[in-house]
1. Out of the stretch 2-46, which residues are under 26 Å from residue 244 (Cα atoms), among the polar types (S, T, N, Q) and assigned to a loop (DSSP other than H, G, I, E, B)?
2. Any residue in the stretch 187-200 that is of a type in the set (A, V, I, L, M, F, W, C) and more than 12 Å from the ligand (Cβ to nearest atom) sitting within a Cβ distance under 7 Å of a residue that is at pLDDT 95 or above and part of a loop (DSSP other than H, G, I, E, B)? List the pairs, counting only those 6 or more apart or interchain.
3. Suppose we keep only residues that are assigned to a loop (DSSP other than H, G, I, E, B) and among the hydroxyl-bearing types (Ser, Thr, Tyr) within the stretch 128-184. Which one would you say is surrounded by the fewest Cβ atoms within 10 Å (Cβ to Cβ)?
4. Please verify whether residue 157 is touching a residue at least 12 places away in the same chain (Cβ under 8 Å), touching a Leu at 6+ places or on another chain (Cβ under 8 Å), of a type in the set (A, V, I, L, M) and within 16 Å of the ligand (Cβ to nearest atom), treating the condition exactly as stated.
5. Suppose the filter is closer than 13 Å to residue 136 by Cα and not hydrophobic (A, V, I, L, M, F, W, C); does residue 219 pass it?
Amino acid sequence: MEVIVRKTSEEVSQLTAQMVCVQLQQKPQSVLGMATGESPKRTYEILVEKCKAKQISFSKATCFSLDEYVGLDSSHPQSYRYYMNKNLYSHIDIEMQNTFVPDGLAKNLQQAAKEYEEKIVQSGGIDLQILGIGRNGHIGFNEPTSSLASRTRIKTLTESTFKDNARFFAPSEFQPHLALTMGIETIMEAKMIVLIASGEAKADAIKAMVEGPITAICPASILQYHPKTKVIIDEAAASKLQLKSYYQWVRSQQEKLFS
Ligand code: GLP
């Protein structure tokens, strides 16, 4: 796990976007895993700018979203399909048929989950997975005590995640308790993972993920076991890390080496 601490959330987004650009420049037909939520929004904005400036192209890329609510159709502003179209896909040169989001409206959700896994395999597997993290340490919608060997499936959201995400829904609006999410093992099969987080509200989750034990109570902690994971966080999200200055020192040495 490589921990990269940046002063601001803007710098977190800039560095993450740069990593996606390098990935696309090295392999135009990359398969990307996409996260939703506030954390990656600015990164997507930067990628849109770079694509419009013709510095990168998604024309040969394929994108898989991590998760989707059960019961929201793609025209619902809180659905993750809507989010991806609005924040990224509608503004870049990707072929829409190469963008995938789990089908939260499928009659047979288990079958849809199985097919999602198959599509990822058929596409050659995920080259670069972008992740956010929930305050309770979830990745995708893999809530605490999810099996660390789980595959794409239906998950019931915890009360804390439900409450955290309530800010996106109007008070009278239906907010799903269920989601289809890539499993933890599905995520772990990505060749490279970039997890991003900003703000003090994420500091406990980041501490548990980076420096705590590997445990299903903090699903993101399994990333300690992934050989190519970068954790890109701002100062506030890094504020509870015991070895924060060590991570900063390692990074500064690397930057000196490669500058
Ligand atoms: C949601 C999503 C996750 C996301 C998390 C954090 O529950 N399913 O994929 O990482 O929230 O979201 P945010 O970036 O808004 O804090």
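The values are calculated or read from the model by the stated rules, or taken from the named source; none is laboratory data. Bear in mind that the values here come from a model prediction, so they are computed numbers and not experimental data. Every residue, glycine as well, gets a Cβ built from its backbone with ideal geometry; the counts of neighbours run over all protein chains shown.
1. So the first thing to find is which residues in the stretch 2-46 are under 26 Å from residue 244 (Cα atoms), and the list is 2-20, 35, 37-43.
If we keep only those that are among the polar types (S, T, N, Q) too, we end up with 8-9, 13-14, 16, 18, 39, 43.
Across the stretch 2-46, the qualifying residues are 8, 39.
2. Matching pairs, first to second residue: 188/226; 190/126; 192/127; 192/228; 193/226; 193/228.
3. 172
4. yes
5. Details: closer than 13 Å to residue 136 by Cα: yes; not hydrophobic (A, V, I, L, M, F, W, C): yes.
Yes; evaluated as a whole, the condition is true for this residue.
Each row is one residue, and each column tells you yes or no for (1) more than 14 Å from the chain's Cα centre (by Cα); (2) modelled with pLDDT of 95 or more; (3) within 16 Å of the ligand (Cβ to nearest atom).
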residue: 4; (1), (2), (3): yes, yes, no
residue: 7; (1), (2), (3): yes, yes, no
residue: 19; (1), (2), (3): no, yes, no
residue: 28; (1), (2), (3): yes, yes, no
residue: 34; (1), (2), (3): no, yes, yes
residue: 40; (1), (2), (3): no, yes, yes
residue: 53; (1), (2), (3): yes, yes, no
residue: 61; (1), (2), (3): yes, yes, no
residue: 76; (1), (2), (3): yes, no, yes
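Results for (1) over 27 Å from residue 47 (Cα atoms); (2) more than 9 Å from the ligand (Cβ to nearest atom); (3) in contact with an Asp or Glu (Cβ under 8 Å, 6 or more places away or on another chain); (4) in contact (Cβ under 8 Å) with a residue 12 or more places away in the chain, shown as yes or no for each residue.
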{"residue": "135", "(1), (2), (3), (4)": "no, no, yes, yes"}
{"residue": "146", "(1), (2), (3), (4)": "yes, yes, no, yes"}
{"residue": "161", "(1), (2), (3), (4)": "yes, no, yes, yes"}
{"residue": "176", "(1), (2), (3), (4)": "yes, yes, no, yes"}
{"residue": "180", "(1), (2), (3), (4)": "no, yes, yes, yes"}
